[in-house]
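Participant: Questions regarding the structure given below will be posed in turn.
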Amino acid sequence: MTTSTPPSTPTVAIARILRDLGLVQGRGCDFRVVGDYRNGERIGTYVLPLSRRADATIADRADDIERLAAEGPYPFRVSVRYTDGDRPMASVANYGSRVRETPSGGEPSTTPEPEPAPVEPAPDSPGAGFFRGARERAWQSQQVRALGWSARQAELVAAAGSIGLQYRADGVLRHYPVPGRAGTPVDEQRLAPLVKAGFIVVDEPHGPGSKRVSLTRDGATALLLWRRWRPTPAVKDRKEEREPLRPLLGGEYANRQAIAETEADRQRQAETEALHAALEELREWEERDERLWGVWAKVQGITHRLGRKRPTDWVPTEEEIAEHRIAPELVAELYAAVGRPAPRPELPKTSTSRPMEVRPLEAVPDEQEQLSLFDANAA
C-alpha cells in the first residue's frame, strides 16, 4: 500500500488497497465500502463492487488483497463466485466465509476465516479439538456473546438438538424429553426468532405427517458454543423472546444474508442506472420533438402550442426552407423522421422495496446428530 499512515478503520484499510489497484471509490464508480448491520449493531464491513472492472480486478488480485489486508490491523477475506459463465462476482468482507469458485462450473472451495467450529467432536472425547488457539477462543467468545439468547431460548435450541421438539397429529408443539412419555406444550411463537436467525428449522424428516423441530448446522455450532462458554443468559420477558435474533456470526446463514444484501444492492444500483439512462433518453426525445415542432410551427405561423402536434410526415418545401431560413441540420432531422416517428420513451417501472429472500438452512441430517454434544457436562 502506498499510504504510510496506518488505517484507522476497516473501511479506510480496504478502500486504500482497492484504490491502489486502480479502482475508483464512490457511487457510480467501481466500488463502495459499507457496513453490515443486524438489529441496529454493526457486525462487519464489506465491499460492494459496482462495475465489471471491479469484479474482474478483485477476482484477479484476490490473494494480493488478502495478503495486503493481513499485513495491516484489519484482515479481509475475498470470495469469488461465477453465476454467469466465466464472469466473476467478487465480494470482500471482514467476516463470514471465504469462497473461491473456478469458471465454467468448477467446484468451489470454501475457507472460513476464522474457521467455524465443526459440529462433530472427536469420537473419543465430545468437543475435543474444538477450542484451540487464543484467536479462535476469542472469536468463539464473540460469537456466543452475540447470540443474545435467554435461558428459555437456549432450552428450545437444546430440545431441537435432542430430537424431542415435535408437532404431533393434533398440531400442538410439545417437548418430549423422555421418549414414550407425555410431552410438555411449548409456545410455538417463541420459535420464530430462532427459525428466522437460521438456528432451527421445522421439517418433516420422514415425509408428510408429524413435524419435527431440528437444528441447522449453525444451530448445532451455536449450541455447542453455548454449552462450552456458559454465558449469562439474557433476561427477557415473553414479548422480548419473540423479537428478532442475530444469526451466528460467521455462520452459513449470516454469509447467505450478506450475499443476498450484496445482490439487492446491485439490483438497486442497476435499476437506478437504468432509470437515469431512460431519463436521459426522454430528455433528448423531448428536446428533439420541441425543435422539430418549432420548425413546423414557424412555417405554419403558429405561436402557441396548445396541444397541437406536428404531422409526422411533414417536411418543408424548398421555398419554405429559404423563406424561413431553416437550418440544414433541422431539415435533415425532419427528413429522417418521415415515416419513422420515434415513440416517446417510457420510464422503467421501479420495484418497490421488498425484503431480502435468503434461502433457509437445512436441518442437520440424522446420521450427523451427536446427542452427546449437547450434554451439559460435555464441556
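Participant: Once amide H atoms are placed 1.01 Å from N in the peptide plane, what residues at a sequence separation of 5 or more from residue 36, or on another chain, have their amide H within under 5 Å of its amide H?
Facilitator: For residue 36, the qualifying residues are 43, 44, 45, 46.
Participant: Using the beta-carbon distance between residue 305 and residue 350 and R0 = 45 Å, what value does 1/(1 + (r/R0)^6) give for FRET efficiency, to the nearest 0.05?
Facilitator: Plugging the Cβ-Cβ distance into 1/(1 + (r/R0)^6) gives 0.90.
Participant: Along region 244-256, what does the Karplus equation 6.51 cos²θ - 1.76 cosθ + 1.60 (θ = phi - 60°) give for ³J(HN,Hα), rounded to whole Hz, x for Gly and Pro?
Facilitator: So the J values, rounded to whole Hz, are x, 10, 7, x, 4, 4, x, x, 5, 5, 4, 5, 5.
Participant: Let me ask something else about it. Do any trypsin sites (Lys or Arg not before Pro) in region 191-270 lie in a DSSP loop with no more than 12 other beta carbon atoms within 10 Å, and if so, which?
Facilitator: 238, 239
Just so you know, all these numbers are worked out from the coordinates, no wet-lab data involved. The model shown is predicted, which means the values in this text are computed figures rather than measured ones. Every residue, glycine among them, receives a Cβ derived from its backbone with ideal geometry; neighbour counts consider all protein chains shown.
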